[in-house]
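The values are calculated or read from the model by the stated rules, or taken from the named source; none is laboratory data. Keep in mind that what you see is a predicted model, and the values were worked out from it rather than measured. So basically every Cβ, Gly included, is an ideal-geometry build from the backbone, and we count neighbours across all protein chains shown. Remember, those area values only see protein heavy atoms, side chains included, never the ligands or the DNA or RNA. Shrake-Rupley method; radii C 1.70, N 1.55, O 1.52, S 1.80 Å.
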Amino acid sequence: MFLAVLPAMAQQYKYEAGPSLGMTGYLGEANNGQLFKHPSFTIGGFFRYTHNSRWAFKANLNYANIRGDSMYDESWYPEGANHKFSSSLIDLGLTAEFNFLNFGRGPAYKKYKPISPYMVAGIGFVFAICNGHNHASFTIPLGIGVKYKFKDRLNLGFEFTMRKEFNDRIDGLSDLYDIKHSFAKNTDWYSFAQFSVSYEFGKRCIKCNYIE
């Protein structure tokens, strides 16, 4: 009987925070085909609010580097020029996450799962430093991920996101074919493939904050 009630005694928490580390990719004027042709790194941290077992909301801050080199690209550039760059990024995002399964621990009848895939979407902002020039832009992060509850208050995760930016200058290149870019018409995307670990805190009061 004691073992049977252990899942019902699992405490639930509203918040979690932790670090992340991963790899970046880039698509743009200096690379229009292979996302991870010139990979680099990203490091950051995040804060997540768990609304319920299906929905969560996250704020994240990342420092990243993206690189590109058109030397072996199949595209032809004006006057046969070669474009090579390295940009440092400060990336800020606010995203919503939808878990495909009831993620967490709790009573058996609620069918909680210690692992769940999820999808993520939101809004963001990026500040880029490339070749001595600074550029800022709004972004739209879109992606998928998976969470695993390693222990009651310790979670592991992996997330892959593509970030569409609207300045077209994070690589220091723009309008190479004399086709003027606009807010919605440009070529620059960058991606994060990140591993994370997080710790939960802020006990949820079940009686006054009912949650299924």
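What distance in nm separates the simple spin-label points at Asn102 and Asp69, each placed 7 Å from Cα in the Cβ direction?
5.3
Using the basic label-point model (7 angstrom from Cα toward the beta carbon), what is the Lys113 to Phe158 distance in nanometres?
Result for the modelled spin labels: 1.6 nm.
Keeping the other protein chains in place, figure out the carbon and sulfur percent of the accessible area of segment 86-162, with a 1.4 Å probe.
73
Say R0 is 41 Å: what FRET efficiency, to the nearest 0.05, do Asn131 and Gln11 get from their beta-carbon distance?
It comes out at approximately 0.20.
Among Leu61, Gly44, Asn102, flag the residue with its Cα farthest along the positive direction of the charge dipole of segment 26-154, charges on Cβ as +1 for Lys/Arg and -1 for Asp/Glu.
It is Asn102.
Modelling each spin label as a point 7 Å along the Cα-to-Cβ direction, I'd like the Ile90/Gln34 distance in nm, to one decimal.
Those two pseudo-labels are separated by 3.3 nm.
Let me make sure I get this right: for segment 82-160, a, b and c are the square roots of the gyration tensor eigenvalues over alpha carbons, sorted descending. Under 1.5 in a/c it's rounded, otherwise prolate if a/b > b/c, else oblate. Which is it?
Cα axes put segment 82-160 in the prolate bin.
Which entries of Lys37/Lys149; Lys14/Lys147; Lys58/Lys110; Lys14/Lys113 show an alpha-carbon separation above 21 angstrom in the structure shown?
As for pairs spanning more than 21 Å Cα to Cα, those are Lys37/Lys149; Lys58/Lys110.
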